[in-house]
Amino acid sequence: MKKSLYILLLLVGLTLTFVLGIIVYSQMAEIQPKMLIIYALIGIVALISIFVAIKKMKEEKEGQPIEDEFTTLVKYKSGFYAYLASMYMWLFIFLFRDISSDVETLLGGGILLSGVIGFVCKFFVKQQLNEK
């Protein structure tokens, strides 16, 4: 229980530090719209992580097992699908890299898209396994 609380506090602290850093940076320089989108995506991922950590803490307090067969199956199956989808995504990024000459943007977008693919695969695998 204490480990989950420390992780939750760390997530909240890092999120607040990130938001404070964006606010301070915005006072020094103008933030481009592209960067605002990236900051928003990072913020959304941080909020989702905090909500998941809170949910796990509540389940742990209720005495439910943290890892069971269903969550293990979802983790492995969604990881497999996310890996395959990410490999195809990176293939298309490298094939069409001439469209955008900014390598840093392609790399950052690819990493964010890999994370989104992981969330989407986990959602669909959970839905698929719940129907069975």
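Scaling the Cα radius of gyration of the stretch 34-106 by the globular reference 2.2 N^0.38 Å produces a ratio of 1.59. For residue 48, neighbours were defined as the other residues whose beta-carbon sits under 13 Å from its Cβ, and their charges (Lys and Arg +1, Asp and Glu -1) total +3. At full extension, residue 130 and residue 29 could sit 31.5 nm farther apart than now, given 0.36 nm per residue minus the alpha carbon distance. Rg/Rh, computed from the Cα trace of the stretch 1-66 with Rh as the Kirkwood radius, has the value 1.14. The relative contact order of the stretch 1-66, computed from alpha carbon pairs under 8 Å that lie at least 6 residues apart in sequence, is 58 percent.
Note: relative contact order over the chain, using C-alpha pairs below 8 Å and six or more positions apart, is 28 percent.
Rounded, prolate or oblate: which one fits the stretch 67-132, using the alpha carbon gyration tensor with axes a ≥ b ≥ c (rounded when a/c is under 1.5, else prolate when a/b beats b/c, else oblate)? Prolate, since a/c reaches 1.5 and a/b exceeds b/c.
Ranked by how many other Cβ atoms sit within 10 Å of their own Cβ, fewest first, the residues 18, 96 fall in the order 96, 18. Per residue, the chain reaches -30500 deg cm²/dmol at 222 nm when only DSSP H runs of four or more residues are counted, each adding -39500 (n - 2.57). Gain on full extension, evaluated as 0.36 nm per residue between residue 37 and residue 97 minus their Cα-Cα distance, stands at 19.5 nm. Between residue 114 and residue 50, the modelled labels are 2.6 nm apart [label points 7 Å from Cα along Cα→Cβ].
Across the stretch 89-98, computed HN-Hα scalar couplings (Karplus, 6.51 cos²θ - 1.76 cosθ + 1.60, θ = phi - 60°) run 4, 5, 4, 5, 4, 6, 5, 9, 6, 6 Hz from first to last residue, x flagging Gly and Pro.
Just tell me the longest site-free run in the chain, where the sites are GluC sites (Glu not before Pro) in a DSSP loop having at most 15 other beta-carbon atoms within 10 Å. The answer is 68-132. Projecting label points 7 angstrom from Cα along Cα→Cβ for residue 18 and residue 75 puts them 2.2 nm apart. Hydrodynamic estimate: the Kirkwood radius of the chain over Cα pairs, inserted into Stokes-Einstein at 37 °C and 0.692 mPa s, corresponds to D of 188 µm²/s. Here the dipole of the chain is about 340 debye; that uses its Cα centre as origin and unit charges on the Cβ of Lys and Arg (positive) and Asp and Glu (negative). Taking every lysine pair in the chain that is 8 or more places apart or spans two chains, those with Cα atoms closer than 18 Å amount to 21.
Simple rule: put +1 on each Lys or Arg Cβ and -1 on each Asp or Glu Cβ in the chain, find the dipole, and look at 35, 111, 17; the Cα lying farthest toward the positive end is 17.
Only the coordinates and a few stated rules stand behind these numbers; no lab work does. Source: prediction; values computed, not measured. Heads up, the Cβs are rebuilt from the backbone with ideal geometry, glycines too, and the neighbour counts pull from every protein chain shown.
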